[in-house]
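What follows is calculated from the coordinates using simple rules that are stated; it is not laboratory data. Here the structure is a predicted model, which is why all the values come from computation and not from measurement. Heads up, the Cβs are rebuilt from the backbone with ideal geometry, glycines too, and the neighbour counts pull from every protein chain shown.
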Amino acid sequence: MTPTTAGQTQAVAEAMDSARDIIDKRVNALGTREPTIIRQGNDRIVVQVPGLQDPAALKELIGKTARLEFRMVDPNADPNEAAAGRVPVGSEIVPYAPGEGSGATFEVLRRQVMISGDQLVNARQSYDPQSNEPVVTIAFDSGGSSTFARVTAQNVGRRFAMVLDGQVLSAPNINEPILGGSAQISGSFTVASANALAISLRSGALPVKMAVVEERTVTPELGADSIRKGAIAGIIATVAVLVFMIVVYGRFGIYANIALMFNIALIIAIMAAFNATLTLPGIAGFVLTIGAAVDANVLINERIREELKRGRRVFQAVDVGYAEASRAIFDANITNVIAAGLMFWFGSGPIKGFAVVLTIGIITSVFTAVTVTRLFAARWLHRTRPTSLNI
């Protein structure tokens with residue numbers, strides 16, 4: 001039997017779609033870098049990552065197939081016969097990964113796979129409690145956990161091997177049944193390499209082997225003019241908002257401006273903590289949050305005006321203004337966060353970058369507009385106790 005041309009084309013298309021999704025998970029796990037990952041032609045995938053400092057690490061992460069297998073070591077294999085290339089039926093020679101093996105160059109393993117990486121539900125970098133060396137801790141699903149427990153219970157005293165992409169990482173001895181549904185992959189890992197392996201395992205194995213066929217590095221000078229204009233737009237928007245708030249609301253406008261400065265500092269600090277890359281869509285989200293940040297203060301100040309017109313005293317008007325406006329502020333911003341969350345979930349690359357900055361800006365603006373300005377207003381009212389208020 002031979003596959004038809006249509007069948008081969010469909011198989012390649014499905015494999016490339018799956019590979020694109022897996023590469024997208026791996027690259028996005030590196031941080032908020034707003035990558036663009038698209039298919040090109042029938043058998044190529046284009047990966048664009050702005051702000052990348054280590055292209056070699058990215059290529060290694062993308063090119064790693066990450067096909068993990070747990071297989072039993074054949075106890076009946078003769079080392080001398082194996083060295084000559086002769087192994088028992090149902091077994092094969094699998095080499096150790098570079099730097100592994102403690103002197104051994106290969107292991108004779110049973111061909112039957114005890115458990116595979118398809119049954120993983122989580123993988124993370126951690127540390128060995130005894131040696132304090134970086135390791136990768138993995139957890140299996142319910143089916144994998146029961147299989148792992150049954151096989152290790154049946155083979156106490158024997159050795160099993162952890163095989164990654166056709167190379168043995170380690171072949172420890174089974175001292176007792178492993179019933180917890182988790183295992184630890186050890187080897188000559190650094191923190192970075194262990195984290196990269198965890199990302200690869202967590203995202204799933206590539207259905208096809210990927211190789212780099214072309215690499216380009218674009219210097220930031222090409223986008224410098226756009227970045228500069230985006231920064232100018234942000235400065236102009238900030239100054240215009242500051243002037244407007246002071247002219248319209250006076251003292252309470254000054255409080256809103258101070259809160260806006262806090263808001264800008266918080267957004268930058270949070271993005272720096274996540275090592276996020278600020279590209280043009282991110283700048284657009286940043287500028288948008290500057291304008292939207294004072295919306296809450298406009299609602300609060302207008303509500304205070306209404307309460308003053310109704311005859312309430314200054315303290316009561318401010319208190320009721322903040323209390324009543326806060327409900328509308330929270331409701332409005334929750335819908336904005338939902339929209340940003342959907343953009344992040346279904347979008348990719350620049351759309352995700354815009355959604356991240358917008359979400360951070362919404363959260364910080366609500367905090368600064370309501371909490372920070374109320375703090376300043378309360379301190380001024382308690383200190384001066386005014387009988388009238390111009391707002």
**Report entry** Diffusion coefficient, µm² s⁻¹, Stokes-Einstein with Kirkwood Rh over alpha-carbon pairs of segment 95-207 at 25 °C and 0.890 mPa s
**Finding:** 168
Query raised in the report: Given only helices, namely DSSP H runs of n ≥ 4 each adding -39500 (n - 2.57), what is the per-residue ellipticity at 222 nm of the chain, to the nearest 500 deg cm²/dmol?
Result: -17500 deg cm²/dmol
Query raised in the report: Just ILE246, ILE300, ILE362 to compare: in a GNM of the chain, with alpha carbon springs under 10 Å, which one fluctuates most?
Result: ILE246
Query - Helix runs (DSSP H) in the chain reaching 15 Å along axis by Cα, Kyte-Doolittle at least -1.0 - result: 5-28, 142-154, 191-203, 224-249, 251-273, 280-293, 295-309, 314-346, 350-366, 373-384
Query raised in the report: Extent of the chain along each principal axis, from alpha carbon coordinates, in Å, largest to smallest?
Result: 99, 48, 39
Query raised in the report: Using only the Cα atoms, what convex hull volume per residue in Å³ does segment 94-147 have?
Result: 128
Report summary line: For ASP331 and PHE106, extending 7 Å from Cα along the Cα-Cβ vector and measuring point to point gives, in nm, a value of 7.3
Query raised in the report: How large is the charge dipole for the chain, taken about the Cα centre, if only the Cβ atoms of Lys, Arg (+1) and Asp, Glu (-1) carry charge, to the nearest 20 debye?
Result: 1720
Report summary line: Counting only DSSP loop positions in segment 107-157, the trypsin sites (Lys or Arg not before Pro) whose Cβ has at most 15 other Cβ atoms within 10 Å are ARG111
Query raised in the report: Roughly what percent of Cα-Cα pairs across segment 5-203 reach past 22 Å?
Result: 56
Report task. Taking only Cα atoms and a 10 Å spring cutoff, compute GNM fluctuations for the chain and point out the largest among VAL298, VAL27, VAL156. Result -> VAL156
**Report entry** Approximate spin-label separation GLU14-ARG228, in nm, with each point projected 7 Å along Cα-to-Cβ
**Finding:** 5.3
Report summary line: Percent antiparallel among DSSP beta bridges confined to the chain, nearest 5, equals 95
Requested in this report: In whole Å, largest first, what are the principal axis extents of the Cα atoms in segment 223-384?
Outcome: 54, 30, 25
